[in-house]
1. I need the full set of residues from the range 313-349 which are among the small types (G, A, S) and either touching a Leu at 6+ places or on another chain (Cβ under 9 Å) or under 24 Å from A4 (Cα atoms) (or both), in order please.
2. Quick one: would you say K31 is surrounded by fewer than 19 Cβ atoms within 10 Å (Cβ to Cβ) and within 26 Å of T133 (Cβ to Cβ)?
3. So how many residues does the range 213-254 have that are closer than 21 Å to E131 by Cβ and in a helix (DSSP H, G or I)?
4. Is the range 327-345 home to any residue that is in contact with a Phe, Trp or Tyr (Cβ under 9 Å, 6 or more places away or on another chain), charged (D, E, K, R) and crowded, with 20+ Cβ neighbours inside 10 Å?
5. Could you pull out every one of the strands (runs of 3 or more DSSP E) wholly within the range 141-203 that has 1 or more residues that are without any contact (Cβ under 8 Å) to a residue 12 or more places away in the chain?
6. Which of the residues belonging to the range 265-305 are buried (at least 24 other Cβ atoms within 10 Å of the Cβ) and either at pLDDT below 95 or not assigned by TED's automatic domain parsing to the domain that holds A322 (or both)?
7. Counting just the residues of the range 117-140 that are without any contact (Cβ under 8 Å) to a residue 60 or more places away in the chain and on the phi > 0 side of the Ramachandran plot, which one comes out surrounded by the fewest Cβ atoms within 10 Å (Cβ to Cβ)?
8. Take the range 50-104 and flag every residue that is in a helix (DSSP H, G or I) and over 19 Å from G10 (Cβ atoms).
Amino acid sequence: MATANIAVIGGDGIGPEVIEQAIRVTDAALKRQGASFTWNRLPWGSAFYKQTGKILPDDGWDLLKKHDAILFGAVGSADVPDTVTVHGLLLPMRRRFDLYVNLRPAFLFDGVQSPLRDKAPGSIDMLVYRENTEGEYAPTGGRLYTGTPNEIAVQTAVFTRKGCERILRAAFEAARKRPRRKLTSITKSNAQVHTLGLWDDVYHAVRTEYADVQSNSLLVDAAAMDFVRKPEVFDVVVASNLVGDILTDLSAIITGSVGLGASANINPERAFPSMFEPLHGSAPDIAGKGIANPLAAVLSAKLMLDHLGHEKSAASLQAAVARVLKEAKVRTPDLGGTATTTQMGDAVLAVLAS
């Protein structure tokens, strides 16, 4: 029986709620193929920090390295600074494990209403590749004269030729495998002439190796407009850390709900475990109410199954989610219904069992 050892960090807010549903349905999808995973639940997050003064134990990073993948819920709490949660756990994980590919699909499922007018199912279908370890999120900078009228804040974006090239190459490789073979590089090099100027230089160099892929470059302000005006023109999209982060929130919303937004943080060389997480965050306003949509976590688990070589299980999980959404009998509040988190998980399980 094929197996894998998965670290589970439910984290904060709705994270534990949605991750448990993702585990339930992943187990069911694996069972259909005679496989199983071992789930190692790690109680790290804001509650752990308030108990111990640390966001993860001293041997936490070494412990994570022993796993085949990481399934992550969310991190962030109103009573714990982001410098502890986001900058102490999530972002360091991406950098320590060199998870430089942040893949965020955006697909308009049948049965889900886009807030955009007259968008047919499947008409929005894009893969966004976001650089995940450097760029605008590099922790380089500081503040001087804090709390005085002369206070100064400096944060430096860090772009390397290696960092730009490897994310662009990953995106081009993905585009080559898609039916439309189309890629859009999104930048803002007319304003950030040095950092994103380097990005553009690398894009133009890499694209010469992919003559079979139709590619173009677009400024982020124009791209944001076109994500709303004509999202169907996009296929594979590649962008820097900050630009990709913002645009993928937009791409999730135009496909019906951020509760459907999945993501993968991948080390393609497999030197470290890759991490899979819904992109919606901890959502403290609905935490504990049992109404969060678990499908973003479920679809993130689907990406994990693909990454670990369980393509048949991944396909059955994707098909089950698509059927539940198309039938529209079970909907959480973000999709206009009244179903609970568990009821949505039950609906996916029922399809997998049928």
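The values are calculated or read from the model by the stated rules, or taken from the named source; none is laboratory data. Note that the coordinates shown come from a computational prediction; the quantities given were computed from them, not determined experimentally. All Cβ positions, glycine included, derive from the backbone under ideal geometry; neighbour counts span all protein chains shown.
1. In the first step, residues of the range 313-349 are kept if they are among the small types (G, A, S); the result is 313-316, 319-320, 322, 328, 336-337, 339, 345, 347.
Those that are among the small types (G, A, S) and either touching a Leu at 6+ places or on another chain (Cβ under 9 Å) or under 24 Å from A4 (Cα atoms) (or both): S313, A314, A315, S316, A319, A320, A328, G345.
2. Working: surrounded by fewer than 19 Cβ atoms within 10 Å (Cβ to Cβ): yes; within 26 Å of T133 (Cβ to Cβ): no.
No: the conditions fail for K31.
3. Keep residues of the range 213-254 that are closer than 21 Å to E131 by Cβ, which gives 213, 215-224, 226-227, 234-252.
In the following step, the residues that additionally are in a helix (DSSP H, G or I) were identified as 220-224, 226-227, 241-252.
Number of matching residues: 19.
4. The first filter runs over the range 327-345 and keeps only residues in contact with a Phe, Trp or Tyr (Cβ under 9 Å, 6 or more places away or on another chain), leaving none.
Within the range 327-345 (the criterion being in contact with a Phe, Trp or Tyr (Cβ under 9 Å, 6 or more places away or on another chain), charged (D, E, K, R) and crowded, with 20+ Cβ neighbours inside 10 Å), the answer is no, since none of the residues qualifies.
5. Working: elements: 141-144, 152-155, 182-187.
Qualifying strands (runs of 3 or more DSSP E): 141-144, 152-155.
6. Within the range 265-305, just H280 meets the criteria.
7. Step by step, filter the range 117-140, then rank; the result is D118.
8. Residues satisfying the conditions are D62, K65, H87, R95, R96.
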